Amino acid sequence: MTDAQREEMRTLLLALHAELSGKVPAKIEPNRTDDARIGGDEDEQPLNEMMQAIASSRNRNTDGMLARVVKALGKLRNDPDSFGECEECGDELPYGRLKAVPYVEFCVDCQGKKDKPKGGPTRRKLTDYT
């Protein structure tokens, strides 16, 4: 990776860091504050709980992405020669992949191995469900 490409990655990562740092965590207030108060519409409660779960998941994803961006910026600052290498196998990551996801840690093959389901199938036969 050239110095110009590293500088472009630094710019992308800093912009992403600024964007993620500026996001206010999503918060959905419960529509039912105590057990005695049911509220105007009982059907709203499941929807509200689902919205709270979605907001919580998005906040966790944002925090995780921000941590990976900070890690990538640290690697770029402390060990620029190893930036752009797969952390598992050490192969060089394609520049297009880095431009798309500048905080990527693994090559496609290693990421595929990490994402592969663990263990074998749990369903052996069609009759397992009868």
Item to check | Every pair of residues 6+ apart whose Cβ atoms lie under 9 Å, when the first sits in the range 50-69 and is within 17 Å of Gly22 (Cβ to Cβ) and open to solvent by less than 80 Å² (accessible area, probe 1.4 Å) while the second is modelled with pLDDT under 90 and part of a helix (DSSP H, G or I) | outcome: Thr62/Leu20; Met65/Leu20; Leu66/Leu20; Leu66/Ser21; Val69/Leu20
Checklist outcome for this item: Considering the range 70-104, residues that are in contact (Cβ under 8 Å) with a residue 40 or more places away in the chain and touching a strand residue (DSSP E or B) at 6+ places or on another chain (Cβ under 7 Å), and then whichever is surrounded by the fewest Cβ atoms within 10 Å (Cβ to Cβ), we arrive at Glu92
Checklist entry - Looking at (1) loosely packed, with under 11 Cβ neighbours inside 10 Å; (2) modelled with pLDDT of 70 or more; (3) of a type outside the set (D, E, K, R), which is the one condition that is false for Leu20? => result (1)
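The values are calculated or read from the model by the stated rules, or taken from the named source; none is laboratory data. Computed from a predicted model, the values in this text were never measured in an experiment. Virtual Cβ from ideal backbone geometry, glycine too; neighbours counted across all protein chains shown. Just the protein is used for accessible areas: all its heavy atoms, side chains included, with ligands, DNA and RNA removed. Shrake-Rupley method; radii C 1.70, N 1.55, O 1.52, S 1.80 Å.
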